[in-house]
1. Under a plain spin-label model, where a point goes 7 Å from the Cα along Cα-to-Cβ, how far apart in nm are residue 43 and residue 56?
2. Quick one: give the max-minus-min coordinate of the C-alpha atoms of region 12-73 along each principal axis, largest first, in Å.
3. In nm, give the distance between the simple-model label positions of residue 35 and residue 19, each being 7 Å from the Cα along the Cα-to-Cβ direction.
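A short reminder: the numbers here are calculations on the coordinates, not readings from a lab. Bear in mind that the values here come from a model prediction, so they are computed numbers and not experimental data. Cβ placement follows ideal geometry from the backbone for every residue including glycine, while neighbour counts extend to all protein chains displayed.
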Amino acid sequence: MARACSGGALVTHQVPLTVVGLACLALGIVVAVFVPDSDGPAWAMAVAGCLAAGVLLLGRIAFGVFRDRRRAAL
């Protein structure tokens, strides 16, 4: 179980996870632009969810990259 939580997937699958994070951000922006406001709060929640997922995923990858660089510098 410790290996599953060690962050190894961020190292081995960094590029695909980055693409997924960018796709989440793009989908959130596209939905926000093209779906009319009259469709109710469900679309607002979909946009917020897509944007949040993309930001969290990209933030976690950036944190892992900067943490590894800082460790290498020490």
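1. Going from the residue 43 label point to the residue 56 one covers 2.4 nm.
2. Each principal axis gives a Cα extent; for region 12-73 these are 53, 16, 14 Å.
3. 2.5 nm
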